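Colleague: Mind looking over this structure? Questions follow.
All of the numbers you see were taken from the coordinates with simple rules; none came from a lab. It should be emphasised that the depicted structure is a prediction, and the values quoted were computed from it without experimental measurement. In this analysis, Cβ positions are derived from the backbone assuming ideal geometry, glycine residues included, and neighbour counts consider all displayed protein chains.
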There are 2 protein chains.
Amino acid sequence: MSTTDTVEAELSPVHRRGGGRIGRKALRGAPMASFPTLVRNIPVYEIVPDEAVELIHDESLKILEEVGCEFRDDEAISMWKAAGADVSGTRVRLDRALLMDLVAKVPSEFTLNARNPDRTVQVGGNNSIFIPMYGAPYVRDLDNKRRYGTLDDLNNFHKLAYMAPALHSSSSIICEPMEIAVPKRHLHIIHSALKHSDKPFMGIVTSKERAEDTMAMAGLVFGEEYVKDNPVLVAITNCNSPLVWDATMLDAMKVYARNNQPLILAPFALCGASTSASAVGAVAQVNAEALAGVAFTQLLRPGSPQLYGQFMVTVDMKTGAPMGGTPEAAQMMYLMGALARKYSLPWRTSGFHVGSKLNDAQAGYESNMLMHAAILAGANYIWHAAGWLEAGLTCGYSKFATDCEQLVGWYKYAGGLPFDDFQEAMAAIREVGPQGHFLGTEHTLKHFESAFFMPSVMDFNSFEQWSAEGAKDHDTRGSEKARNMLKDYEEPKLDEGIAEGLRDFIAQREANLSDTLN
Amino acid sequence: MSTTDTVEAELSPVHRRGGGRIGRKALRGAPMASFPTLVRNIPVYEIVPDEAVELIHDESLKILEEVGCEFRDDEAISMWKAAGADVSGTRVRLDRALLMDLVAKVPSEFTLNARNPDRTVQVGGNNSIFIPMYGAPYVRDLDNKRRYGTLDDLNNFHKLAYMAPALHSSSSIICEPMEIAVPKRHLHIIHSALKHSDKPFMGIVTSKERAEDTMAMAGLVFGEEYVKDNPVLVAITNCNSPLVWDATMLDAMKVYARNNQPLILAPFALCGASTSASAVGAVAQVNAEALAGVAFTQLLRPGSPQLYGQFMVTVDMKTGAPMGGTPEAAQMMYLMGALARKYSLPWRTSGFHVGSKLNDAQAGYESNMLMHAAILAGANYIWHAAGWLEAGLTCGYSKFATDCEQLVGWYKYAGGLPFDDFQEAMAAIREVGPQGHFLGTEHTLKHFESAFFMPSVMDFNSFEQWSAEGAKDHDTRGSEKARNMLKDYEEPKLDEGIAEGLRDFIAQREANLSDTLN
């Protein structure tokens, strides 16, 4: 079975039915290896009334006015002074007029360009995209053993991301290629993402120099001038909760925002430890932190596209361990979504991020506690949507393949309930009448392939059939799916001149970089 | 550790924080072994606009007017004729005025009494309750082996249902005690539920005689006169989709509705086979079927409490196998909720019903695909909320214990976001300031035990700690939890005279019942 066949088979439910406009659009251009941007066709869920959102907003602004936020970088401090903020050392107190003026400059929607224009997506507004995980030092490999990640693993995950129809990005550091020296690692990460997939990707943020290397490599692929104005990647910057934007993050912001590349401004909050032990209190704090970051990007380049964001997990108050798919994590997601809409900001959350060590029942419960909330909260950039295990320490092949399949279902879900064949369906009921069955009706014959989500890693066979096939649990089937996908992988085309340019760039930079951190 | 301690430990998050009124109420009367009725403190999610709900409603009514519904029982047909329906043979065509007049007689809320008044719950309106699964011939036992269920297993599941704080009912046939002859089995099922738990339970519906035995046994516990008017159990009646209410179900309805005992009127729909291959079409059909059943109960006893309901799974269109937690199942749940609210009917859906054979990742993804929808759809009677595996063929001990823990989280979730300590939390942020941590603040010390859901079957320990403890997957930990709970079980008090009365009744009935079906 070819890659195209595989993808077509997975696509069919959405192709022919879900998502209305998307479905029809997808039908026109076959074959395709990726769903277009998910245009949401269901309403958002508001967990609290508007007054509660206003109250949280107001408390966030009071924090920035009274306590302020640290910006630990001289240039940033100078810029804040010039903008009229109340600055004392590295502490920046922002009055609400200044803050909201800056936040209002961020576009509510932007285009994120892929090297293959068919993979270009729309971020913000009523659009959602799914992005694989980021940052795992470990992998749970195809034999379900936990070990350090390697460049081979990273290549594999970029291949899987390319092949998964509902993933809209290749991320970048899905796992760390631990065998490569840290100062050189970023070059190989970006190279792998650009080589093995043609979807949008994510930038490196661990230093100014590495962010610049990322931009240089993007320039080789997209054109040096093009990447000064057109978003081709997204980069993550985390506030150190509570209320600190540090020099490394600010450096990354400078490189990317000045090139009009969108940043995610996302406090990384361990709720109960780096925030108060209150879900609402945590949201008010994280909102303040994210808004301060968003505002700073608009000093760097007014009107540059940005993503308001959050990563919020509760901690086990006995051990301090981060948890994953818990009720409060879902509830906080709804609040963040409501705030993002209030500010008309594109926003990022996380989907399948779990605490489970294995792709087991816990992982499943956690995953859909969170993804269900991400979808109904109307998140635009749904990150960590494939592979995540163990609070992000591990990327699992089985989990990755599982998540890719689940995303096809979520894509269909968010595409809404199709009413276009409703009268036909009612005619089928009249035709069948009491005690009949529908399998032979014209409506069924027309719609049976597309009516319902038809997963393959999930198993709905009879117990006897399942037993005859080895009584495999989902974790085992997930690994098999990943292995089979990798067998079918075919590399997307990349101009040989560009490919050579990337290799030369890496060689040249490596010649100038030490193998050790200094 | 005593049962009370176990339950108190599990209760603490909800006790002190979630659910506001509920939380405070729970605090007053300690010790308790069960959460009170869940009073929802979050809004419902409406997946389509009101016009779409009206459209579905209208199509459902047209089906009942034009096609009609079969009622395969002479007495039922006579009653429909007397009520003025258009009857032809066993086909009953209902005009919308008659139908809606009858539906309007059903109370929007009712009290479901338990033999221990502290376990009495409220059904309908803004209340939700969780009920364990029903009807499994197989169990997946404490050693994770699949085999036929026994009376010992059933006793165990009733014990677990009693001990689980967020379960509000003992169900009845959680698994079938397969070693007991079918004609006598119902006596032992009801006896086990009444003996091992003091929560509300569910009636037997497989024949008129067995329904009458159920009522007689309920009468021994609650008083013969009491159970003629006061709901003490809920019984399930399924429409045979499409559009057939058969004699067995109608007989059960007669017994229970005439005694004012609530029925669930729930089509059992394999969407794509017994309905059209359209989620919206399936809902319109199931709505028609359920409304016809609800209306009939009001001929039997006007004003009797009833539950509008559905069991809807999509089928794999290639094999006909029922699926579980798929996107369409969740979407259809939202539609059914909207319709129930339109009719002001208490309504039942299913929570954790999955197709997975094991308590593995698939089971987890499916479970929270559905429970998340059940909670946001505002379901009142959330059935199959513990134990369900393999499309209901199997009840798993590990799954049961897992679900019981997850329900504590969902109970907290639906209790809403507590704002009562919001100002305190904001004071904590001012106290801590940038780069501090919150673990020592007064607010944290006051709230650390109750702020966040703290599961124990789910594992958030470090990889090293988890490995040292045997690197157990969730399925294994679930079985251990079930085993440990059973060790701590203490039987609730039951008056010795009543206990003897039940034993005598069973002995007397068994003397008159054959071991074989005739």
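Colleague: To the nearest Å, what is the center-to-center distance of the range A:501-518 and the range B:260-280, using C-alpha atoms only?
Modeller: Computed from Cα coordinates, the inter-centre distance equals 64 Å.
Colleague: Follow-up question, since we're still on this one. At 222 nm, what helix-only mean residue ellipticity would the protein assembly as shown give, in deg cm²/dmol to the nearest 500, using -39500 (n - 2.57) for each DSSP H run of four or more?
Modeller: Working: 36 runs with 476 residues, N = 1036.
One gets -14500 deg cm²/dmol as the mean residue ellipticity at 222 nm.
Colleague: I would also like to ask the following. What share of Cα pairs, in percent, lie more than 17 angstrom apart in the range A:169-236?
Modeller: Every Cα pair in the range A:169-236 considered, those over 17 Å come to 35 percent.
Colleague: How far apart, in nm, are the 7 Å Cα→Cβ label points at A:Gln508 and B:Ser514?
Modeller: Placing both labels 7 Å along Cα→Cβ, they lie 9.4 nm apart.
Colleague: Return the Cα extents of the range A:119-237 along principal axes one, two and three, sorted largest first, each rounded to a whole Å.
Modeller: On the principal axes, the range A:119-237 reaches 42, 34, 24 Å in Cα extent.
Colleague: Mind checking the log10 I(q)/I(0) for the protein assembly as shown at q = 0.07, 0.08, 0.10 Å⁻¹? Debye, one equal scatterer per Cα, no solvent, two decimals.
Modeller: These q points yield log10 I(q)/I(0) values of -0.60, -0.78, -1.19.
Colleague: Answer rounded, prolate or oblate for the range A:403-486, using the Cα gyration tensor with square roots of eigenvalues a ≥ b ≥ c: rounded when a/c is under 1.5, else prolate when a/b is larger than b/c, else oblate.
Modeller: Numbers: a/c = 3.57, a/b = 1.72, b/c = 2.07.
Oblate shape, in that a/c is at least 1.5 and b/c is the bigger or equal ratio.
Colleague: Grab the eigenvalues of the alpha-carbon gyration tensor for the range A:237-281, scale each by 5, take roots, and send me the semi-axes largest first in whole angstrom. Working shown, then result.
Modeller: Numbers: eigenvalues 133, 21, 6 Å².
Over the Cα atoms of the range A:237-281, the ellipsoid semi-axes are 26, 10, 6 Å.
Colleague: Could you give the alpha-carbon Rg of the range A:361-518 over 2.2 N^0.38 Å, rounded to two decimals? List each step's numbers first, then the result.
Modeller: Working: Rg = 23.1 Å, N = 158, 2.2 N^0.38 = 15.1 Å.
Dividing the Cα radius of gyration by 2.2 N^0.38 Å gives 1.53.
Colleague: Also, I was wondering about something else. Distances in nm, one decimal, shortest first, from A:Ala181 to the same residue in every other copy, taking the label point 7 angstrom along Cα→Cβ.
Modeller: Result for A:Ala181, in nm, nearest copy first: 8.4.
Colleague: Separation between the A:Thr476 and A:Glu209 pseudo-spin-labels, each 7 Å from Cα along Cα→Cβ, expressed in nm?
Modeller: 4.9
Colleague: For each of B:Ser456, B:Ser450, count neighbouring Cβ atoms within 10 Å of the residue's Cβ, then give the residues from fewest to most.
Modeller: By the 10 Å Cβ count, ascending: B:Ser456, B:Ser450.
Colleague: Quick one: Karplus J couplings for the range A:425-430, per residue in order, coefficients 6.51, -1.76, 1.60, θ = phi - 60°, nearest Hz, x for Gly and Pro?
Modeller: Taking θ as phi minus 60°, the curve returns 5, 5, 5, 4, 5, 4 Hz for the range A:425-430.
Colleague: Over the range A:468-518, what per residue volume does the convex hull of the Cα atoms give, in whole Å³? Could the numbers behind the result be given before it?
Modeller: Numbers: hull volume 7.2 nm³, N = 51.
Hull volume over Cα atoms, normalised by residue count, gives 141 Å³.
Colleague: With only alpha-carbon atoms in the gyration tensor, what are the semi-axes of the equivalent ellipsoid for the range A:208-353, in Å, largest first?
Modeller: Details: eigenvalues 177, 45, 36 Å².
Rounded to whole Å, the semi-axes are 30, 15, 13.
Colleague: While we're here: Could you list which residues have their amide H under 5 Å from that of A:Ser350, counting only those 5 or more apart in sequence or on another chain, with H placed in the peptide plane?
Modeller: Close amide H contacts, sequence-distant or interchain: A:Trp383.
Colleague: I'd like the distance between the alpha-carbon centres of the range A:70-148 and the range A:177-255, rounded to an integer number of Å.
Modeller: Centre-to-centre distance over Cα atoms comes out at 12 Å.
Colleague: Continuing with the same structure: Mind running the shape call on the range B:299-451? Use the C-alpha gyration tensor, a ≥ b ≥ c as the square roots of the eigenvalues: rounded below 1.5 for a/c, prolate if a/b tops b/c, oblate otherwise.
Modeller: On the way: a/c = 2.70, a/b = 1.70, b/c = 1.59.
Prolate, since a/c reaches 1.5 and a/b exceeds b/c.
Colleague: Nearest-to-axis residue of chain A, judged by Cβ, for the A-to-B rotation, with distance in whole Å?
Modeller: Output: A:Gly364, 1.
Colleague: Based on the Cα atoms of chain A, what semi-axes does the equivalent ellipsoid have, where each is the square root of 5 times one gyration tensor eigenvalue, given in whole Å with the largest first? Present the calculation step by step, with values, prior to reporting the outcome.
Modeller: Working: eigenvalues 281, 157, 100 Å².
Ellipsoid semi-axes (Å, largest first): 38, 28, 22.
Colleague: Under the Karplus relation 6.51 cos²θ - 1.76 cosθ + 1.60, θ = phi - 60°, what is the ordered set of whole-Hz ³J(HN,Hα) values for the range A:148-155, x standing for Gly and Pro?
Modeller: Once θ is set to phi - 60°, the couplings for the range A:148-155 become 4, x, 10, 5, 4, 4, 4, 3 Hz.
Colleague: Continuing with the same structure: Between the label point of A:Glu496 and that of the same position in each other copy, find the distances and list them shortest first in nm, with every label point placed 7 Å from Cα along the Cα-to-C-beta direction.
Modeller: Computed spacing set for this position: 9.6 nm.
Colleague: Now for a separate question. Cα-Cα over 24 Å: which of A:Lys318/B:Lys472; B:Lys159/B:Lys399; B:Lys184/B:Lys208; B:Lys81/B:Lys254; A:Lys105/A:Lys199?
Modeller: Details: A:Lys318/B:Lys472 21 Å; B:Lys159/B:Lys399 15 Å; B:Lys184/B:Lys208 14 Å; B:Lys81/B:Lys254 17 Å; A:Lys105/A:Lys199 27 Å.
Pairs exceeding the cut-off: A:Lys105/A:Lys199.
Colleague: Where a ≥ b ≥ c are the square roots of the eigenvalues of the C-alpha gyration tensor, would you call the range A:415-463 rounded, which needs a/c under 1.5, or, failing that, prolate if a/b is larger than b/c, or oblate?
Modeller: Numbers: a/c = 2.72, a/b = 1.41, b/c = 1.93.
Judged from the Cα gyration tensor, the range A:415-463 comes out oblate (a/c at least 1.5, b/c at or above a/b).
Colleague: So how far apart, in nm, are the two label points at B:Val182 and B:Lys145 if each is 7 Å from Cα heading toward Cβ?
Modeller: 2.7
Colleague: Convert each backbone phi in the range B:389-405 into a coupling constant with the Karplus relation 6.51 cos²θ - 1.76 cosθ + 1.60 (shift: θ = phi - 60°), then list the ³J(HN,Hα) values in order as whole Hz, x for Gly and Pro.
Modeller: With coefficients 6.51, -1.76 and 1.60, one gets 9, 6, 6, x, 6, 10, 10, x, 4, 5, 5, 4, 5, 4, 4, 4, 5 Hz.
Colleague: Scan chain B and hand back the longest stretch that contains none of the trypsin sites (Lys or Arg not before Pro) lying in DSSP loops with at most 15 other Cβ atoms within 10 Å. Could you put the intermediate results ahead of the total?
Modeller: Numbers: sites that count: B:Lys145, B:Lys318, B:Lys493.
Here the longest run is B:319-492.
Colleague: Using modelled amide H (1.01 Å from N, peptide plane; none on Pro or chain starts), what sits under 5 Å from the amide H of A:Ser241, excluding residues fewer than 5 places away?
Modeller: Hits under the 5 Å cutoff: A:Phe268.
Colleague: When the Kirkwood radius is taken over all Cα pairs of the range B:307-351, what Stokes-Einstein diffusion coefficient follows at 25 °C and 0.890 mPa s, in µm²/s?
Modeller: Estimated via Stokes-Einstein, D reaches 217 µm²/s.
Colleague: Using the Cα centre of the range B:351-508 as origin and beta-carbon charges of +1 (Lys, Arg) and -1 (Asp, Glu), tell me which of B:Trp466, B:Asn359, B:Ala386 is placed farthest towards the positive end of the dipole.
Modeller: Among B:Trp466, B:Asn359, B:Ala386, the one farthest towards the positive end of the dipole of the range B:351-508 is B:Asn359.
Colleague: Give me the Kirkwood hydrodynamic radius of the range A:273-347, using the inverse of the mean 1/r over all pairs of distinct Cα atoms, in Å to one decimal.
Modeller: On the way: mean 1/r = 0.0751 Å⁻¹.
Over the range A:273-347, the inverse of the mean reciprocal pair distance is 13.3 Å.
Colleague: Let me ask something else about it. Write down the percent of antiparallel bridges among all DSSP beta bridges whose residues are both part of the protein assembly as shown, to the nearest 5. The partial results should precede the final answer.
Modeller: Details: 39 of 91 bridges.
Around 45 percent antiparallel, to the nearest 5.
Colleague: If you take the beta carbon distance between B:Glu225 and B:Lys62 as r and set R0 to 41 Å, what does 1/(1 + (r/R0)^6) give as a FRET efficiency, to the nearest 0.05? The partial results should precede the final answer.
Modeller: Details: r = 44 Å, r/R0 = 1.07.
Calculated transfer efficiency: 0.40.
Colleague: Sorted from fewest to most neighbouring beta carbons within 10 Å, what does the list A:His186, A:His57 look like?
Modeller: Details: A:His186 25, A:His57 20.
Ascending Cβ contact count within 10 Å gives the list A:His57, A:His186.
Colleague: For A:Arg258, place a label point 7 Å from Cα along the Cα-to-Cβ direction in every copy; what are the distances to the other copies, in nm, shortest first?
Modeller: When each copy's label point is compared with this one, the spacings are 8.7 nm.
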